[in-house]
1. Test residue 353 against the stated conditions and say whether it is touching a His at 6+ places or on another chain (Cβ under 7 Å), without any contact (Cβ under 8 Å) to a residue 40 or more places away in the chain and either buried (at least 19 other Cβ atoms within 10 Å of the Cβ) or of a type in the set (A, V, I, L, M, F, W, C) (or both).
2. Say whether the condition of being modelled with pLDDT of 95 or more and of a type in the set (D, E, K, R) is met by at least one residue in segment 272-286.
3. Take residue 226 and decide whether it is in contact with a helix residue (DSSP H, G or I) (Cβ under 8 Å, 6 or more places away or on another chain) and over 21 Å from residue 178 (Cβ atoms).
4. Go through 184, 191 for me and flag whichever is at pLDDT 95 or above and assigned to a helix (DSSP H, G or I).
5. Just for strands (runs of 3 or more DSSP E) wholly inside segment 251-365: which have at least 2 residues that are farther than 21 Å from residue 78 by Cβ and more than 12 Å from the ligand (Cβ to nearest atom)?
6. Identify all residues within segment 216-241 that are part of a strand (DSSP E or B) and surrounded by fewer than 17 Cβ atoms within 10 Å (Cβ to Cβ); write none if there are none.
7. Working only within segment 89-109, note down all residues that are away from the ligand (no atom under 16 Å from the Cβ) and closer than 16 Å to residue 136 by Cβ.
8. Counting only residues that are touching a residue at least 12 places away in the same chain (Cβ under 8 Å) and among the polar types (S, T, N, Q), how many does segment 103-129 have?
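The values are calculated or read from the model by the stated rules, or taken from the named source; none is laboratory data. Please read all numbers here as calculations on a predicted model, not as lab measurements. Heads up, the Cβs are rebuilt from the backbone with ideal geometry, glycines too, and the neighbour counts pull from every protein chain shown. SASA here: full protein model, heavy atoms, side chains in, ligands and nucleic acids out. Shrake-Rupley method; radii C 1.70, N 1.55, O 1.52, S 1.80 Å.
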Amino acid sequence: MTAENSKMTTAINWLGRQLSNHSNPLAYIDPLLGAIDPMLVRSVIPARVLAVHKEARDTKTFVLKPASHWSGFKPGQHLPVTVEVNGSRQTRTFSISSDPKSWKQNGWISLTIKRLPGGLVTNFMHDALKAGDVISLGEAFGDFLLPANPKPLLYIAGGSGITPVLSQLAALEQADYPAPVTLQYYVRTEQDIIGATLLYNLRQRWNNFELQIHITDSGDLLAASHLPDSASLETAHCYLCGPRGLMDLATGLLAGLNVSDKQISTTFFSAPQVALDTDELGGAVAFSKSGKSATSDGESSLLDVAESAGLKPKHGCRMGICHQCSCTKREGTVINRLTGKASGPGEETIQLCISVARGPVDVVI
Ligand code: FES
């Protein structure tokens, strides 16, 4: 937050206290500010939709102007987006597809989002969100970041997994990155190429960039012949982002070329999950703060179970990355879906979205 923003928040807090004698002045004054202009709200980060345009089949790019108290981002990061769908606030996490220069110089960012079959938020954004609307953002997060020192980079991306890569490629070109950068991009058809204009422009004007687009419906699937040899990969860093099958295949091929885990970055879209023995999972779940309860089927996360009980716990990515769903488990054992590890039986902090009940559990929401 800049010094100017900090002064503004202090001034608003002072005014709120004078008007309300309230311990949380923003809670009092924010609705007033929101009624004047939703972009003035301080307790969340509002962002105005500047434009929406079609990017590829089932994929749109949303150009947003976040309020000035948003802290910005690094290329490759994601952020929580909150929209109101049918009167209920819904939060999901998306990657930023634009580069930081556009934000710093012109104040806008873009999110490139594919419509998911049955997806509440992506369908709302595709069908209803339009220029002029205001949505809420969170601060950017994530460690899918560019290396500190130049080295050869190999990207293997599939489908909409390309979005954080678009941000990184634009930033690399702007910085005149001195090492070779290769992108192997896998899409079902030509209509599914996301960021085509940027990618083709980069290929034309940036000598260090090699682009290969593979149409998988034509049988052009990831193969060892698409990758450099082991010696060329020795000093390289590899970025994997796309559907699980592609990532598993890429990881196996890279391991065969002696690429170590430290040389590989993946996005949360491909975060690994372990296979759980669901026979021993499930049980009665008490939500002791609200007094509600539900039964876990042994497959659903505690976030899903809470929502099915009519609760609305805070959450973001639903993938174990953003920690927005962290809360206290008072007692009972849960299994972490990402690691397969069991919690202790007593009080501790858990992430609802990646926790599955093993026996009766009491969660403080
Ligand atoms: S919602 Fe992001 S970690 Fe659970």
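1. Details: touching a His at 6+ places or on another chain (Cβ under 7 Å): yes; without any contact (Cβ under 8 Å) to a residue 40 or more places away in the chain: no; either buried (at least 19 other Cβ atoms within 10 Å of the Cβ) or of a type in the set (A, V, I, L, M, F, W, C) (or both): yes.
Spelling it out, it is not the case that residue 353 is touching a His at 6+ places or on another chain (Cβ under 7 Å), without any contact (Cβ under 8 Å) to a residue 40 or more places away in the chain and either buried (at least 19 other Cβ atoms within 10 Å of the Cβ) or of a type in the set (A, V, I, L, M, F, W, C) (or both).
2. Scanning segment 272-286 turns up no residue that is modelled with pLDDT of 95 or more and of a type in the set (D, E, K, R).
3. No; evaluated as a whole, the condition is false for this residue.
4. On the way: 184 fails: assigned to a helix (DSSP H, G or I).
Answer to the selection: 191.
5. Numbers: elements: 264-266, 283-287, 292-296, 326-336, 348-351, 355-363.
Those strands (runs of 3 or more DSSP E) span 283-287, 292-296, 326-336, 355-363.
6. Of segment 216-241, the ones part of a strand (DSSP E or B) are 237-241.
Hits for segment 216-241: nothing passes.
7. Passing the criteria: 96, 109.
8. So the first thing to find is which residues in segment 103-129 are touching a residue at least 12 places away in the same chain (Cβ under 8 Å), and the list is 103-104, 107-115, 120-122, 124-126, 129.
Cutting the leftovers down to among the polar types (S, T, N, Q) gives us 110, 112, 122.
Total meeting the criteria: 3.
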